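**Student:** Structure incoming, see below.
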Amino acid sequence: MAERGRPRKGAARLSREAIRAAALTVTEDEGVAAVGMRSVARRLGVDAKSLYHHVEGKDGLLDAVAEHVLAGIGLPEPVGVLEDDLRAFAWAFRRAALAHPQAATLVLTRQLPSAVALAPVEAVLSVLRKAGAAPEEAVHLLRSLLAMVIGSLLREAGAGPAFGVTDAEAIARREEELTGAGLAETAPFLARCDHEAEFAFAVDFATEAVAARLRR
């Protein structure tokens, strides 16, 4: 029996970073719904109450998972060409979000105030400001770019409509359904969805629009 006041085995190594990693493991193994103070504490071999010194309940755990994924973005070094820099940021964000499919929706839907979460925001705003955007305009452009990136990735993660599918047999069935619905001309294209190609198109469209606006 442990002495009164002595921390349980594993408590000495408890930290926000360790909690992040454990919460991510629970997310990947059991899904977002399984993340909780008890499930994460079991992974760490500590009492659930000890987690409250580092995170504020389940919401804090979910934020920690999102932070853990965002910390892996690996922000690219700007090269001074607006379109190239914005594309690089968008693709880096996609790689980080999809590296942990079970956690992707957390990264894309939670608003985090931490320095880890704000680092990509600061980097994009810096690029926009150097390209000539005024402070308010830079924020509007940032939000528009985020809407495009997050919307595309939510669709890829299965949380948004794509109208098309990826499996060959399903594509044929979907094309037939769309043709029957009066969309014969576009059915061959609407029936299939290549997420990477769609993301590339959206990123090019958005970055070129931003560059054109700032050149006016």
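The values are calculated or read from the model by the stated rules, or taken from the named source; none is laboratory data. Small disclaimer: the values here were computed from a predicted structure and weren't measured. Virtual Cβ from ideal backbone geometry, glycine too; neighbours counted across all protein chains shown.
**Student:** If you take the residues of the stretch 147-176 that are outside any helix (DSSP H, G or I) and touching a His at 6+ places or on another chain (Cβ under 8 Å), which of them is surrounded by the most Cβ atoms within 10 Å (Cβ to Cβ)?
**Tutor:** That would be Ala162.
**Student:** Right, next: Looking at Ala97, is it closer than 18 Å to Ala211 by Cα and either in contact (Cβ under 8 Å) with a residue 40 or more places away in the chain or in contact with a strand residue (DSSP E or B) (Cβ under 7 Å, 6 or more places away or on another chain) (or both)?
**Tutor:** When the stated conditions are applied, Ala97 does not pass them.
**Student:** Let me ask something else. Among the residues of the stretch 198-216, write down those that are part of a helix (DSSP H, G or I) and either over 17 Å from Leu145 (Cα atoms) or not small (Gly, Ala, Ser) (or both).
**Tutor:** Result: Glu198, Phe199, Phe201, Val203, Asp204, Phe205, Thr207, Glu208, Val210, Arg213, Leu214, Arg215.
**Student:** Glu175: free of Cβ contacts under 8 Å to residues at least 40 places away in the same chain and in contact with a Leu (Cβ under 9 Å, 6 or more places away or on another chain), yes or no?
**Tutor:** Against the criterion (free of Cβ contacts under 8 Å to residues at least 40 places away in the same chain and in contact with a Leu (Cβ under 9 Å, 6 or more places away or on another chain)), Glu175 qualifies.
**Student:** Give the stretch 13-38 a look and list any residue that's among the charged types (D, E, K, R) and over 22 Å from Ala115 (Cβ atoms), or say none.
**Tutor:** Selection gives Arg13, Glu28, Asp29, Glu30, Arg38.
**Student:** Let me ask something else. Thr179 - would you say it is of a type in the set (Ser, Thr, Tyr), in a helix (DSSP H, G or I) and over 27 Å from the mean Cα position of the chain (by Cα)?
**Tutor:** It is true that Thr179 is of a type in the set (Ser, Thr, Tyr), in a helix (DSSP H, G or I) and over 27 Å from the mean Cα position of the chain (by Cα).
**Student:** Within the stretch 180-200, track down each residue that is surrounded by fewer than 16 Cβ atoms within 10 Å (Cβ to Cβ) and of a type outside the set (A, V, I, L, M, F, W, C).
**Tutor:** Across the stretch 180-200, the qualifying residues are Gly180, Gly182, Glu185, Thr186, Pro188, Asp194, Glu196, Glu198.
Residue-by-condition table, conditions (1) in the same structural domain as Trp91 (by TED's automatic domain parsing); (2) more than 26 Å from Leu146 (Cα to Cα); (3) of a type in the set (Phe, Trp, Tyr):
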position: Glu176; (1), (2), (3): yes, yes, no
position: Ala181; (1), (2), (3): yes, yes, no
position: Phe189; (1), (2), (3): yes, no, yes
position: Glu196; (1), (2), (3): yes, no, no
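**Student:** Just for helices (runs of 4 or more DSSP H) wholly inside the stretch 60-146: which have at least 1 residues that are within 13 Å of the chain's Cα centre (by Cα) and crowded, with 20+ Cβ neighbours inside 10 Å?
**Tutor:** 82-98, 104-109
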